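Novice: I'd like to ask some things about the structure below.
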Amino acid sequence: MSKIKEYVKFVGADVINELEFYAGKLAGIKIQNINSTSVGGGVAEILARMIPMLRELGINAYWDVIKGGEKFFEITKKMHNALHGQQVTYSDEEISLYLQTNENNAREMKLNGDIMFIHDPQPCALIKYKQGDEQKWIWRGHVDFSNPEMFTWNFLKEYIEQYDASVFSAPSFAHRLRIPQVLISPSIDPLSEKNIDLPQETIDSVLEKFNIDKNRPLVTQISRFDYLKDPIGVVKVYKLVKKYIDCQLVLAGGGATDDPEGAKVLAEVQEVAANDPDIFLLLLPPASDIEINALQRASNVILQKSLREGFGLTVAEALWKSKPVIAGAVGGIPLQVTHKYSGLLTYTIEGTAFALKQLLQNPAYAKKLGENGHEQIRKNFLITRHLRDYLLLFLSLLHKTDNVVFL
Amino acid sequence: MNNKSEAMFQFYSSQNLIFLTGRKAKNLDELLTGIKEVEEMSIYYHSHHYLEQREFLSPEPPNDFFYWITNDLQNKMLGEMVASIDLRQMNSLKEIQSKIIEVIEKSLMQNIEANLTNVSTGEEFLFMSVRSFVYPTKYTASDLSEFRYCLRTVPLNSIYFHFFGTRFNKSLPSMSDWLSTSLNEAELAQKFEKIDPYTITLENLREALIRLVEKRIVEKNNV
């Protein structure tokens, strides 16, 4: 069975037939993706999954990676931080090096797609080398653009507005631009290790490994130890609830070893946790997808008490497992959770504690939220929807003027 | 009874690509100006996307304007008035746009202070728009039995398209047009027209349509 057919069990044959129909309309079109890394990071992960699926659908999609020296990537890292709102400055040499590196890549690479799909700021200036009006260029911003540092944004905007279309992950990331801006949210893959169904024995063995009691309620937040994920707030929530309900708390995430701030945050969380034997602070190594999957599946309630968030796909992962979620109303989370329909959105420690007590004491309500959440993710945040949006995006460039396109 | 029509009913389906405008509103005045100035497909998106994206929910939040006015601006009375606009009675997106403008303007005249309330940063209303891509499904019907089979089998998006997508784009015949003109089933067509699809989930809408067709088939068999 082809890989794409394996998704029929999640989304139905009609969805896959529809993808095949759209792909048929794109036969013969070459789609060249360009980003700055082939491994590591969310963009490479998405492309590594998407390109084979597009090719399986018969689309001539391929992927190239730009080359740049250490200095170039220092500059683009600075740009990345600036797009997240950090104040930065650039020397004239840095700006020149950024542009020169793009020019060098344009000369060395064949920019020969009918549709050029450029990802993130690093290769953004390649648009200067567009070959005629027939070739269509799309720029895809993968990070949070809601509050960018203005010099960096205006610098990039000059190039972005030369593209035929741009793509952002959340409505709040949009700005006034002279070109169309398309909303395409990220997605989760139900066939990945993080999301596949697990046998109960696997879940039990993970709980056993961490000495978690499977007979008492479990509340979990999966995230890096980062102030913006508010792990200290989560412990305070747990303490308010623990007065009434004998529950356990898991805070699990990775990344602290290579992140000096992460280690500091973890130390503070440990202090607030004060050796409570029912609080489990789990620093997981990178290849821990099965453990994360099992912890989510074993939980009664999942928290994502973020103070700021890019998209927050851990929410989608939890909802996919039909778990009731309480989350901060930030970044892409409100797209995934409609308050009181498919989860609860909260703003404070006290509000989160109140919501948690409600869900732990009303399992039928919690179950209903989880079921609605699962449907919400099945319909809107699986990789098949992501693929469909990309196909529609490509088709939209071939049918530029109509609001309703008859295929 | 098995009167086949020469004009088959082709079931279509549609998918939307969502566009961002970068336009925001932080208070009622800016919302009103935005509603006046955005393109009609933006009004379509904000008044219909809940029906499509959250088909499994019941009751459904009726539209984005209601949701924002009620939950972010905390103007529950105006929210209720916007929510209860009878979209079934509106024959064009322009009409929907004008009605929403009328309701908000009336509220602003009665309560000038409401105009002054700003939401916090991050809670602004974000205007979006949409382009629809319509494609033929493999399902066609030439009589009532085939039509019933298709209603049971087509993807929910197809039901959505034939009830909502064709309402404001008359280039394809609606189900009731076909029933009345091709099958000579004017009464059944009228019953289809009387359904208010805005207060029912898509799955329940499908069931309601099947029930009507089944009842008609039984009636014809008993003649």
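The values are calculated or read from the model by the stated rules, or taken from the named source; none is laboratory data. Computed from a prediction, not measured in an experiment: that's the story for all the values here. Please note: Cβ atoms are built from the backbone with ideal geometry, for glycine as well, and neighbour counts cover all protein chains shown. In case anyone asks, the SASA skips ligands and DNA or RNA and just uses the protein heavy atoms, side chains included. Shrake-Rupley method; radii C 1.70, N 1.55, O 1.52, S 1.80 Å.
Novice: Hand me the trypsin sites (Lys or Arg not before Pro) from region B:4-52 located in a DSSP loop with no more than 14 other Cβ atoms within 10 Å, in residue order please.
Specialist: Numbers: sites: B:LYS4, B:ARG23, B:LYS24, B:LYS26, B:LYS36; in loops: B:LYS4, B:LYS26.
Those satisfying the criteria are B:LYS4.
Novice: At 0.36 nm per residue, and after removing the present C-alpha to C-alpha distance, how many nm does the segment from B:GLU102 to B:SER84 gain when stretched out fully?
Specialist: Stretched fully, the B:GLU102-B:SER84 segment lengthens by 5.1 nm.
Novice: Once both labels are modelled 7 Å past Cα along the beta-carbon direction, what's the B:THR33-A:SER96 spacing in nm?
Specialist: Result for the modelled spin labels: 4.4 nm.
Novice: Express in % the proportion of alpha carbon pairs of region B:15-129 at distances exceeding 22 Å.
Specialist: Tail fraction, whole percent: 28.
Novice: For region B:27-141, what is the accessible area per residue in Å² when the probe is 1.4 Å?
Specialist: Normalised by residue count, the accessible surface of region B:27-141 is 44 Å².
Novice: Write out the GluC sites (Glu not before Pro) in region B:3-53 meeting two conditions: DSSP loop, and at most 16 other Cβ atoms within 10 Å of their Cβ.
Specialist: Hits after loop and neighbour filter: B:GLU6, B:GLU39.
Novice: Round to a whole number: what % of the accessible area of the protein assembly as shown belongs to carbon and sulfur, probe 1.4 Å?
Specialist: 50 percent
Novice: Helix B:93-110 against the longest principal axis of chain B: what's the angle in degrees, Cα atoms only, rounded to the nearest 10?
Specialist: Here the helix axis deviates by roughly 30 degrees.
Novice: Can you tell me the accessible area per residue over chain A, all protein chains present, probe 1.4 angstrom, in square angstrom? Can you show the working numbers first?
Specialist: Details: 16930 Å² over 407 residues.
I get 42 Å² per residue for chain A.
Novice: Okay, moving on. If you take every residue apart from A:GLN200 with its C-beta less than 14 Å away from the C-beta of A:GLN200, what net charge results, scoring Lys and Arg +1 and Asp and Glu -1? Working shown, then result.
Specialist: Numbers: positive: A:LYS214, A:ARG297, A:LYS321; negative: A:ASP197, A:GLU201, A:ASP204, A:GLU208.
My count for the surroundings of A:GLN200 gives -1.
Novice: Modelling each spin label as a point 7 Å along the Cα-to-Cβ direction, I'd like the A:ALA364/B:LYS94 distance in nm, to one decimal.
Specialist: The two pseudo-label positions are separated by 5.1 nm.
Novice: Further question: Calculated FRET efficiency, A:PHE406 and A:GLU6, Cβ-Cβ r, R0 35 Å, to nearest 0.05? Please report the intermediate quantities before stating the final value.
Specialist: On the way: r = 31 Å, r/R0 = 0.88.
Result of the calculation: an efficiency of 0.70.
Novice: While we're looking at this one, here's another question. Whole Å is fine, so just give me how far the alpha carbon centre of region A:334-407 lies from that of region A:269-327.
Specialist: Computed from Cα coordinates, the inter-centre distance equals 18 Å.
Novice: Given contacts defined as C-alpha pairs under 8 Å and at least six residues apart, what's the relative contact order of chain A, whole-number percent?
Specialist: Working: 684 pairs, mean separation 58.0, N = 407.
Result for chain A is 14 percent.
Novice: Would you please name the chymotrypsin sites (Phe, Trp or Tyr not before Pro) within region A:279-378 that are DSSP coil residues with at most 14 other C-beta atoms within 10 Å of their C-beta?
Specialist: A:TYR347
Novice: Oh, and also: Determine the shielding of peptide B:19-26 by partner chains: average, over its residues, the number of Cβ atoms on other chains within 10 angstrom of each Cβ.
Specialist: What the average comes to for B:19-26 is 5.
Novice: With angles folded into 0 to 90 degrees, how steeply does helix A:349-361 sit against the dominant principal axis of chain A? Use alpha carbons for both and round to 10.
Specialist: Relative to chain A, helix A:349-361 is tipped by roughly 70 degrees.
Novice: Another question, if that's okay. Could you tell me the convex hull volume per residue, in Å³, taken over the Cα atoms of region A:219-375?
Specialist: Given the Cα convex hull of region A:219-375, per-residue volume reads 97 Å³.
Novice: Residue-wise, which Karplus ³J(HN,Hα) couplings in Hz belong to region A:278-286, taking 6.51 cos²θ - 1.76 cosθ + 1.60, θ = phi - 60°, and x for glycine or proline?
Specialist: Values, residue by residue: 9, 9, 10, 9, 10, 8, 9, x, x Hz.
Novice: Interface A/B, total buried accessible area with a 1.4 Å probe, nearest 100 Å²?
Specialist: Counting both chains, the buried surface is close to 3400 Å².
Novice: Relative contact order (percent) for region B:119-193, with alpha-carbon contacts under 8 angstrom and 6 or more residues of separation?
Specialist: In percent, rounded to a whole number, it is 15.
Novice: Provide the percentage of antiparallel DSSP beta bridges, counting only those with both residues in the protein assembly as shown; round to the nearest 5.
Specialist: Within the protein assembly as shown, antiparallel bridges account for around 25 percent of the total.
Novice: Quick check on chain B: helices-only [θ] at 222 nm, where DSSP H runs of length 4 and up contribute -39,500 (n - 2.57) each and the sum goes over total residues. Nearest 500, please.
Specialist: The helix-only estimate for chain B comes to -15000 deg cm²/dmol at 222 nm.
Novice: Sequence gap at least 6, Cα distance under 8 Å: using those rules, report the relative contact order of region A:200-380 to the nearest whole percent. Walk me through the numbers before you get to the answer.
Specialist: Details: 331 pairs, mean separation 41.7, N = 181.
RCO, region A:200-380: 23 percent.
Novice: A follow-up question, please. Could I have the simple spin-label model distance between A:ILE245 and A:GLN200, label points 7 Å from Cα toward Cβ, reported in nm to one decimal?
Specialist: Label at A:ILE245, label at A:GLN200, 2.2 nm between them.
Novice: Could you work out, residue by residue across A:341-351, how many beta carbons of other chains sit within 10 Å of that residue's beta carbon, and then give the average as an integer? Let's see the in-between values first.
Specialist: On the way: counts 7, 3, 0, 0, 1, 0, 0, 0, 0, 0, 0.
That average works out to 1.
Novice: Next question, about the same structure. What are the lysines whose alpha-carbon lies under 20 Å from the alpha-carbon of B:LYS24, with same-chain residues fewer than 8 places away excluded?
Specialist: A:LYS157, B:LYS36
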